[in-house]
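Visitor: The structure's right below; bear with me while I get my questions together.
The values are calculated or read from the model by the stated rules, or taken from the named source; none is laboratory data. Please read all numbers here as calculations on a predicted model, not as lab measurements. All Cβ positions, even for glycine, are placed from backbone atoms using ideal geometry, and neighbour counts span all protein chains on display. Calculation scope for accessible area: heavy atoms of the full protein, side chains included, ligands and nucleic acids excluded. Shrake-Rupley method; radii C 1.70, N 1.55, O 1.52, S 1.80 Å.
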Amino acid sequence: MTEDNKPSNQQGSALRTVSRHIVRQLGMLNSACGDLPLSPVQAHALIEVSHGAISIKKLAQILNIDKSNASRAVSHLVEKRFAHTKSNPRDSRSLLAHLTPQGRKLLQKLDHQQNIIFNEILSQLSCSETQQIETAMTLYHKAIERSRLQQEYTLRVMTPEDNAPMAEVIRTVSAEYGLTSDKGYSVADPTLDILSEQYQASDARYWVIEKEGEILGGGGIAPLSINTAVINTVDQPSADQERVCELQKMYFSQALRGKGFAKRLAYLALDFAREQGFHACYLETTADLNEAVKLYESIGFKHLDSHLGATGHDACEMPMLLKL
C-alpha cells in the first residue's frame, strides 16, 4: 500500500455510498432500460454508434468495458437490426458498427424516455442546485478519468535509491524550460544529488512517482524559515503563532504530464502539512512554468509581493502562499 492509499475517510465513504445509490436509482443494474429492448450497456453502445462508425475496440474504451462485452452489445444491436457492421478500411481485422434507420428510431425512444426521467429529477431542484450538481459531477468525472490514467503508476515516499534518478528528472525538466544551474533555481541546489537526506525530519517528506521501476517525477514539503514581518501582510495569524511550510521541487518528466499527478501530489503534500500543524504553505515558482502557476492558482495559492525566508531561489520571481 502506498503512502496515499490510506483507508477511505468518512467523506470518501459517503461519496461511494451516494454513487452506489445513484447507479441503482437510475436503473443501471436492471436487465433492460425501461420498456425498451436494451440493456444499459446496449443503450450506451447505441448512443456511441449514433455518433458515427466505431470499432469494437474503440467502443470498449469509451464505455470502459472489456472488448468481449462491447462485442456482445454490438452483436445484440445487429441481431435486432438496430445496427450493422462493415469491414474497417484501415484495418481488415476489425469491423465498424453503423446505426440503421431502425436504430435511430430506437435512439429517439431512448432519448424521450431519459428526458422524462431527468425532467422528473430536475423538477426537485432549483436552477442553482442543478448548476452546483453539474459542477460537482464534472469534477467527479475528471477525477475518475485521472485515476484511470494513473493506474499503472506508483506514488510513494522517496528512498535513498531514488536520489540519482530524481536528480536527473529535475535536471532534465529544468533544461527543458531553460532553468539553468547558474541562476537561483532548484537545479542549482548543492543537495540535489542527496535529496532524500533533506526530508528526514518528521514534519518533512518527499514523494516520487514511478512506473515499472522508473522514477518519472516527484515533489516534497518541508518547514520554511520565514521573514515574520511579511507573513502578516497576507491575512495570516500573528507571526509568533505561525508555522509555514514550503512546497518544494515539484518536477515531472514529459511522460508523466497530463495525468493529474501534479494536483494529486500537491493535495497529498498539503494534507500532510495540515497533519503536521502548519498554518500556511509557501512556494516559489517562475512564469516560465506556466502550467505550474495555473495549478497553484487553481488550488488556492495567492501571489505575494515579496519573498519569505531565504530559500536561495532568487530567480523564482513568483512567491505564493496558501492558508491551510
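Visitor: For the chain, with every protein chain kept in place, what is the accessible area per residue (1.4 Å probe, Å²)?
Guide: Value for the chain: 58 Å² per residue.
Visitor: Taking Cα atoms, how many degrees apart are the long axis of helix 290-299 and the longest axis of the chain, rounded to 10 and kept between 0 and 90?
Guide: 80 degrees
Visitor: Still on this structure, I have one more. Among [x] 23; [y] 19; [z] 40, which one is percent of Cα pairs over 36 Å apart computed from these coordinates?
Guide: [z]
Visitor: What full-extension length gain, to one decimal in nm, is calculated for His112 and Ser128 as 0.36 nm per residue of separation minus the Cα-Cα distance?
Guide: Between His112 and Ser128, full extension yields 3.3 nm more.
Visitor: State the answer as a single residue: which of Ser196, Leu122, Tyr282 lies farthest towards the positive end of the charge dipole of the chain, with beta carbon charges of +1 for Lys and Arg and -1 for Asp and Glu, about the Cα centre.
Guide: Leu122
Visitor: Ignoring any ligand, DNA or RNA, what whole percent of the accessible area of the range 80-211 comes from carbon and sulfur when the probe is 1.4 angstrom?
Guide: Taking all protein chains in place, the range 80-211 shows 52 percent carbon and sulfur surface.
Visitor: Next up: Out of the DSSP beta bridges found with both residues in the chain, what percent are antiparallel (nearest 5)?
Guide: Taking every DSSP beta bridge with both residues in the chain, the antiparallel ones total about 90 percent.
Visitor: Okay, next question. So what's the net charge close to Gln102: Lys and Arg +1, Asp and Glu -1, counting the other residues with Cβ under 13 Å from its Cβ?
Guide: Combined, the nearby Lys, Arg, Asp and Glu give +4.
Visitor: Within the range 54-74, whose backbone N sits under 14 Å from a point 7 Å along Cα→Cβ of Thr100?
Guide: Once the point is set 7 Å along Cα→Cβ of Thr100, 74 turn out to lie under 14 Å by backbone N, inside the range 54-74.
Visitor: Here is a follow-up. How about Lys80: which lysines have a C-alpha closer than 18 Å to its C-alpha, ignoring those fewer than 8 places off in the same chain?
Guide: Lys105, Lys109
Visitor: Hey, another quick one. Evaluate the distance, in nm, between pseudo-label points positioned 7 Å from the Cα of Ala255 and of Leu139 along their respective Cα→Cβ axes.
Guide: 3.3 nm
Visitor: So how strong a dipole does the chain carry about its Cα centre when Lys and Arg Cβ are +1 and Asp and Glu Cβ are -1, to the nearest 20 debye? Don't skip to the answer; put the middle values down first.
Guide: Details: 34 positive and 38 negative charges, 479 e Å.
Dipole size: approximately 2300 debye.
Visitor: Grab the other residues whose beta carbon is less than 13 angstrom from that of Ala136, score K and R as +1, D and E as -1, and report the net.
Guide: Local charge sum for Ala136: -1.
Visitor: Here's a follow-up. Rounded to the nearest 500 deg cm²/dmol, what is the calculated helix-only ellipticity per residue at 222 nm for the chain, with -39500 (n - 2.57) per DSSP H run of length n ≥ 4?
Guide: Value at 222 nm, helices only: -13500 deg cm²/dmol.
Visitor: In addition: Largest first, what is the accessible-area ranking of Phe118, Phe261 with a 1.4 Å probe?
Guide: On the way: Phe118 90, Phe261 5 Å².
Sorted by accessible area, descending: Phe118, Phe261.
Visitor: Let me ask something additional. Cα to Cα, under 17 Å, and not fewer than 8 places away if on the same chain: which lysines meet these conditions relative to Lys249?
Guide: Lys183, Lys263, Lys294
Visitor: So how do Arg146, Arg90 rank on accessible area, 1.4 Å probe, biggest first, that is with the largest at the start? Mind showing how you got there, number by number?
Guide: Details: Arg146 80, Arg90 230 Å².
From most exposed to least exposed: Arg90, Arg146.
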